[in-house]
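First the structure, in the form of structure tokens, and then the observations on it.
The values are calculated or read from the model by the stated rules, or taken from the named source; none is laboratory data. It should be emphasised that the depicted structure is a prediction, and the values quoted were computed from it without experimental measurement. We place every Cβ from the backbone using ideal geometry, glycine too, and count neighbours over all the protein chains shown.
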Amino acid sequence: MTTSSSPTPTTWFATTVEDPDSNSTSKEEGEKSRKYLEKVQQLSDSDFKACVRKVKAKFFWDGKVDQAEEWRIEVASTVTVGQSQDSFTALAGRLLTGHPYETPMLLGGSQNLNLGTGSTSLNVTVSSPDSTTNTSTTVTETLITPAATDPVVQITAKVQDTAAVKDKDIDKDFTALSNALIQHRRAACTQVDSANGVMFVKTSAALAESVAAEMRESLNAGAAVSTVELKEERVVANLEYAKWLKTEVKGYR
């Protein structure tokens with residue numbers, strides 16, 4: 001498993017699975033996570049690279065606050081030529097195929113494609129294996145693009161002060177902010193990578209600006225953090241995840 005700070009990608013996807021090294025993860029679920037990661041790593045070539053970061057996730061599930069230790073798997077490319085909408089959706093379909101989660105998160109973006117204009121959705125082909133017959137069928141799933149009326153927004157907070165990243169209080173600051181955002185239903189999910197001073201927040205477009213302001217105020221006032229860079233990004237998201245987020249974020253109601 002590798003965690004790296006690579007150049008800004010032109011095309012990227014992110015998804016999550018349970019951390020198989022966590023005490024709260026069953027052996028069966030841990031094996032599913034490892035097999036999925038192996039599959040993703042096999043997709044990597046000279047253009048696309050996969051990396052993994054350990055995160056602590058907090059989210060709403062089945063009407064209550066839940067939390068989990070997860071692997072956030074990021075697939076990215078800095079290549080600027082030879083990429084198309086077809087290759088983008090093909091990779092999305094491969095990442096959704098065999099995902100161990102009932103409702104997986106697949107987020108993505110591309111600087112090469114005009115995803116913020118035009119079509120509000122993209123179709124992807126996903127293989128669905130049948131273990132009883134040892135065959136597979138294909139189904140069509142949908143990605144919601146940033147051009148949609150209410151797209152998913154990912155806000156990334158990154159601590160710029162390297163000394164602060166090493167401070168144990170950074171985890172307390174991130175945790176306090178995560179608790180506030182989730183409990184007040186201003187975000188559907190947060191993921192914290194304290195080791196690298198990074199936090200990911202998934203919310204609605206309607207709330208994104210106010211959530212970003214709350215994050216900036218909270219983190220800049222924290223005991224361990226002096227400078228935080230925030231990035232708001234309207235992202236591509238698989239339909240099932242977008243629908244789940246819509247029901248969990250209070251700003252949609």
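Does K202 count as touching a Cys at 6+ places or on another chain (Cβ under 7 Å) and either modelled with pLDDT of 85 or more or among the acidic types (D, E) (or both)?
Yes: the conditions hold for K202.
Does the range 114-122 include one or more residues that are surrounded by 20 or more Cβ atoms within 10 Å (Cβ to Cβ), closer than 20 Å to P151 by Cα and in contact with a Cys (Cβ under 9 Å, 6 or more places away or on another chain)?
No, every residue in the range 114-122 fails to be surrounded by 20 or more Cβ atoms within 10 Å (Cβ to Cβ), closer than 20 Å to P151 by Cα and in contact with a Cys (Cβ under 9 Å, 6 or more places away or on another chain).
Within the range 210-221, identify whether any single residue is outside the structural domain of T16 (by TED's automatic domain parsing), under 16 Å from the mean Cα position of the chain (by Cα) and either in a loop (DSSP other than H, G, I, E, B) or of a type outside the set (S, T, Y) (or both), and answer yes or no.
No, that holds for no residue.
Given the conditions (1) modelled with pLDDT of 85 or more; (2) surrounded by fewer than 15 Cβ atoms within 10 Å (Cβ to Cβ); (3) hydrophobic (A, V, I, L, M, F, W, C), which single one is not true for V81?
(1)
Report every pair of residues separated by at least 6 positions or lying on different chains whose Cβ atoms are under 8 Å apart, first residue within the range 204-221 and β-branched (V, I, T), second part of a helix (DSSP H, G or I) and surrounded by 12 or more Cβ atoms within 10 Å (Cβ to Cβ).
V211/L181
Which residue is nearest to A188 (Cα to Cα), if the candidates are limited to the range 24-69 and must be without any contact (Cβ under 8 Å) to a residue 60 or more places away in the chain and of a type in the set (S, T, N, Q)?
The extreme case among them is Q67.
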